[in-house]
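Just so you know, all these numbers are worked out from the coordinates, no wet-lab data involved. Note that the structure is predicted; figures quoted are calculated from it, not measured. Here the Cβ positions follow ideal geometry from the backbone for every residue, glycine too, while neighbour counts run over all protein chains shown.
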Amino acid sequence: MIKIDFHIHTIKTDLDSAFDFSLDKISEYVQKKKINAIAITNHNLFDRANFDLIKIHLKDVAVYPGIEVTLEGGHLIVVAPFTKIEEFEEQCKKIHDEFKEKNDISLDFFMDIFSNHEEYLLIPHYDKNPKIQKFILDRIGSSFICGEVCSPKKFIRLYKEKGTLTPLLFSDMRMADDIPLLNKQTYIDTDSTDFYSMKEAIRDKEKVYINDKKKRDLFPILDDGTLASSGLNIIFGKRSSGKTYTLDRINENFDNVKYIKQFDLIEKDKEAANKKFDESMSNDRSIYSDEYLAEFKEIVNNVLSINYKEQETKLSDYVSSLVEFAVDMDNHDAFSKVPVFSEQKFEYVIDKKPKNIIDSISNLLDSGTYEKIINKYISNENLIKMLNEFVKIHREKKREELICKQANELIDKIQRALSIESSQNAIPSFDINQYATDVIKKNLFVKIADIIKKPKLLLENQIGKFKIVAKREPFGSAKELQNFVGKKGEYSSSYNLYDNPFDYLNSFEDKPHIQKDQIYKYFVRINYQVLNANGYPVSGGERAEFNLEKNLSDAENYDMLLIDEPESSFDNIFLRTDIVDKITSISKKIPVFVSTHNNVLGGNLNSNYILYTEAVNTADGTMFSIYGGNRENKVLTSVNNTQIKNYVVMINSLEGGEESYVERKETYKNLKD
Amino acid sequence: MLSEKKPIKILKIKDGKGYYLDKNGNYVEVDKVDRDSLLYLINLVINSEVEIETYDESLILNKVHQIIYKEISQKIQTLNTSKLTLLSNIDTEYADLINKYKD
């Protein structure tokens, strides 16, 4: 068996967040994880110097040249044999240049450059984002023998699924000094790290594993080879036997892990707990409120950016000039009598539609993957005809715009020249279209501001026995408004205008301590709270329960869930009625590890696998041993092949030993009788 | 034999007065000009070949006529020089796109 990782980053590209490559780290990685072969796969880049440096440095490991190509939005790893390195380098240069220009590589370009792709190993992102699109798999399907997955669970699922590619699990790590070394590699059942031997073995799904014991449902969680189930694992052990230590190590070895630490959800100090909960709620409220009010914010800010007072003054000046001009008709001189002297300029409204349509047609013509579907309904020939017609319309519109602009310039010049000579004042220009648009904006704002104040239930989200409820409500008083704004000042004059949105809006503009871009928040109160099963706001103990429910509710977005002794924070009834089923259900989707010595959890959780930790005092200090095995196994076994009876582990961990279990059983029996 | 299209005369000076061509094909005294007539003149400059009689203060006696004739003739002269560039800016927009998809 050999262990490989064919997805490693060593150079920061535009697709990576910042990192400094560390040669020591990659060295530490292959040694610590006992890896036999790696491939260097930077984004759309193969850097020969960097590759050679690594290859020279890692003498005991087979280092292969590779690249991670952004192919039609998805990612594809290409690994080449050493014998092809010169040609591969040339091909990668072309990929690099094309990506630099277009930010993506089309399938046609890829096929053109890598016309010999069958000589390489192609590993598409298969059950991992960003996935290679299905049409690519269909088109060059025969060249794909394997696909990359992002977690052990997905590896196991894909292995079992018929008709799928051979799954491969790789670290996808950026080799920098400060990163944890992940346990994401693949074992191949072959003796050689020769490119073609490995490729041949990968062709056969039965020859790949994620552990060296060839166990199909288990994956290595620690560097010593300790295995665990991809389902539900219970970690037992006495106090200070290394349960938390084990969870911490698992957490270090994987990415995208949700780790609920002991006492994490509960504060011993009541006041601190309340404060923490209130802060978290306030944060959630703020996120929800921002999202809900996003469009309203835009309207408010738009209205705020228009100077309505100035507009009114201009309109009034314009009207009085017109009246004056008309009344004074008898006194007009030869200059002011010229018709163009008193005329307004042309108002030309730019019609953006033809331009938008041209962009849309162009998108349809450039649809790539979807061309066939589009052509089912409309031919390219008709699209091109339509494109030509709209370009013609667009150009005509542009000509009209040009002519109007030039005419307006001329009108302006003549008016200026005449008014210098005339005793009459010229009529000021006034853009009536713009004024009308601004008034429409204002009316729309008033309408929405009135609607948004009406009480309404916005959100009702059940999380376990709790409910997150969001309501919108009007501010009930100036005091309420002031509390919400949270700044000193006089708010009753504003609040008195609350029924008149436009005046209310303007009333905040004079207040120096109010930020203009925050005014939209002062129109409605978003009430966001957590209610218990009886519909009341959650109390102290319930808050911790809600925190656990909330943490579990999004756990499936992660690749792994770790929970350290939940019984330290919660009572048995809550754990049994609310939590046990939830954890079991999550473990169907991602691996779950629960450390406990609680018999409700240990007894009721239908775990797949047991891990038992034990502290052993040696001359070198305290060492931790871990025994593992399926729940129904008679014995649990360590990586050194030492064994311990499962029955003893269970009865000691859950019942405090056999003697106390028998005693307790007797007591219950007597009480019942 | 190819007949060359004659430029349209849109401004002229006669008897000490300035005249512009209106949309009915009549020459009208420039002190009657309104914004629609100016738009029509600009339209002609952009879309056809036009010519004007150059402004000469000594030939126009009326002050109002002088002002208006001078402004219009200046505008037409400038536009005549820049119109090719302005039109080409419009016509080259999307030219690449049209070329890409032409037969």
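Which of the listed residues, A:289, A:612, A:410, is farthest toward the dipole's positive end in chain A, when Lys, Arg count +1 and Asp, Glu count -1 at the beta-carbon?
Selected residue: A:612.
Going by average Cβ neighbours within 10 Å, how do the peptides A:527-533, A:329-335 rank, with the highest at the top?
On the way: A:527-533: 16.4, A:329-335: 12.9.
Ranking the peptides A:527-533, A:329-335 by packing returns A:527-533, A:329-335.
Which trypsin sites (Lys or Arg not before Pro) from region A:560-633 combine a DSSP loop assignment with at most 13 other Cβ atoms within 10 Å?
Details: sites: A:576, A:582, A:588, A:589, A:631; in loops: A:588, A:589, A:631.
Listed in order of number, the matching sites are A:588.
For residue B:82 and residue B:48 in the same chain, what is the full-extension length gain: residue separation times 0.36 nm, less their Cα-Cα distance, in nm?
Length difference between fully extended and current span is 10.9 nm.
Run through region A:20-72 and list the trypsin sites (Lys or Arg not before Pro) located in a DSSP loop whose Cβ has at most 15 other Cβ atoms within 10 Å. The partial results should precede the final answer.
Values: sites: A:25, A:32, A:33, A:34, A:48, A:55, A:59; in loops: A:33, A:34, A:59.
Filter output for region A:20-72: A:34, A:59.
Under 5 Å between amide H atoms, partner at least 5 residues away or on a different chain: which partners does residue A:635 have, H built in plane at 1.01 Å?
It is A:646, by chain and number.
Hey, got the dipole for region A:329-423? About the Cα centre, +1 on K and R Cβ, -1 on D and E Cβ, debye to the nearest 20?
Charge dipole, region A:329-423, about its Cα centre: 440 debye, nearest 20.
Search the structure for amide H atoms under 5 Å from the amide H of residue A:147, placed 1.01 Å from N in the peptide plane, and list their residues when 5 or more places away or on another chain.
Here A:166, A:168 satisfy the definition.
Report ³J(HN,Hα) in whole Hz for each residue of region A:617-631, in order, from the Karplus equation J = 6.51 cos²θ - 1.76 cosθ + 1.60 where θ = phi - 60°; Gly and Pro get x.
Along region A:617-631, the couplings run 7, 10, 4, 8, x, 7, 10, 10, 9, 10, 10, x, x, 5, 4 Hz.
Need one value for A:330-340: mean number of C-beta atoms belonging to other chains within 10 Å of its residues' C-beta atoms. Intermediate values should be presented prior to the final figure.
Working: counts 0, 0, 0, 1, 5, 5, 1, 3, 9, 7, 11.
Partner-chain Cβ atoms within 10 Å, mean over residues of A:330-340: 4.
Could you size up the charge dipole of the protein assembly as shown around its Cα centre, putting +1 on the beta carbon of Lys and Arg and -1 on that of Asp and Glu, and report it in debye to the nearest 20? Could the numbers behind the result be given before it?
Details: 108 positive and 125 negative charges, 376 e Å.
Roughly 1800 debye for the protein assembly as shown.
Which percent, nearest 5, of DSSP beta bridges in region A:2-216 are antiparallel?
Details: 17 of 37 bridges.
DSSP beta bridges in region A:2-216 are roughly 45 percent antiparallel.
So what's the angle, to the nearest 10 degrees on a 0 to 90 scale, between helix A:270-292 and the longest Cα principal axis of chain A?
It works out to around 50 degrees.
Order these by the 10 Å Cβ neighbour count, fewest first: B:92, A:166. Don't skip to the answer; put the middle values down first.
Values: B:92 10, A:166 22.
The fewest-first ordering by Cβ neighbours comes to B:92, A:166.
Within chain B, which is the longest segment containing none of the trypsin sites (Lys or Arg not before Pro) that sit in a DSSP loop and have at most 13 other Cβ atoms within 10 Å? Let's see the in-between values first.
On the way: sites that count: B:5, B:23, B:102.
Answer - B:24-101.
For every helix of n ≥ 4 consecutive DSSP H residues, a contribution of -39,500 (n - 2.57) applies; sum these over chain A, divide by its total residues, and give [θ] at 222 nm rounded to the nearest 500 deg cm²/dmol. Please report the intermediate quantities before stating the final value.
Values: 23 runs with 290 residues, N = 673.
The helix-only estimate for chain A comes to -13500 deg cm²/dmol at 222 nm.
Enter the angle in degrees (range 0 to 90, nearest 10) between the Cα long axis of helix A:353-365 and the first principal axis of the Cα atoms of chain A, meaning the one along which they spread out most.
Helix A:353-365 sits at roughly 30 degrees to that axis.
Report the chymotrypsin sites (Phe, Trp or Tyr not before Pro) located in region A:63-109 that are in a DSSP loop and have at most 14 other Cβ atoms inside 10 Å of their Cβ, or state none.
none
Per-residue Cβ counts within 10 Å, from other chains only, averaged over A:386-398: what number is that?
Whole-number average of other-chain Cβ neighbours for A:386-398 is 3.
Based on the mean of other beta carbon atoms within 10 Å per residue, what is the order of B:41-52, A:275-286, most packed first? Please list the in-between numbers first.
Values: B:41-52: 17.7, A:275-286: 13.8.
Top of the packing list down: B:41-52, A:275-286.
Which value, in debye to the nearest 20, gives the size of the charge dipole of region A:133-191 about its Cα centre, when Lys and Arg are +1 and Asp and Glu are -1 at the Cβ? Could you put the intermediate results ahead of the total?
On the way: 9 positive and 8 negative charges, 87 e Å.
Around 420 debye, computed over region A:133-191.
What list of ³J(HN,Hα) couplings, whole Hz, do you get for region A:542-551 from phi and the Karplus terms 6.51, -1.76, 1.60, once you set θ to phi - 60° and write x for glycine and proline?
My calculation for region A:542-551 gives 5, 5, 5, 4, 4, 4, 5, 4, 5, 5 Hz in order.
Would you grab the residues whose amide H sits under 5 Å from the one on residue A:657? Only those 5+ places off in sequence or on another chain, please, with H modelled 1.01 Å from N.
A:652
Calculate, for residue A:352 and residue A:301, the FRET efficiency according to 1/(1 + (r/R0)^6) with r their C-beta to C-beta distance and R0 22 Å; round to the nearest 0.05.
Working: r = 22 Å, r/R0 = 0.98.
Here the calculated transfer efficiency is 0.50.
Calculate one ³J(HN,Hα) per residue across region A:381-387 by plugging θ = phi - 60° into the Karplus curve 6.51 cos²θ - 1.76 cosθ + 1.60, and present them in order as whole Hz with x for glycine and proline.
Taking θ as phi minus 60°, the curve returns 4, 5, 4, 5, 4, 5, 4 Hz for region A:381-387.
Across peptide B:28-35, what mean number of C-beta atoms from other chains lies inside 10 Å of a residue's C-beta? Intermediate values should be presented prior to the final figure.
Values: counts 0, 0, 3, 8, 4, 8, 7, 12.
Per residue, the average neighbour count from other chains is 5.
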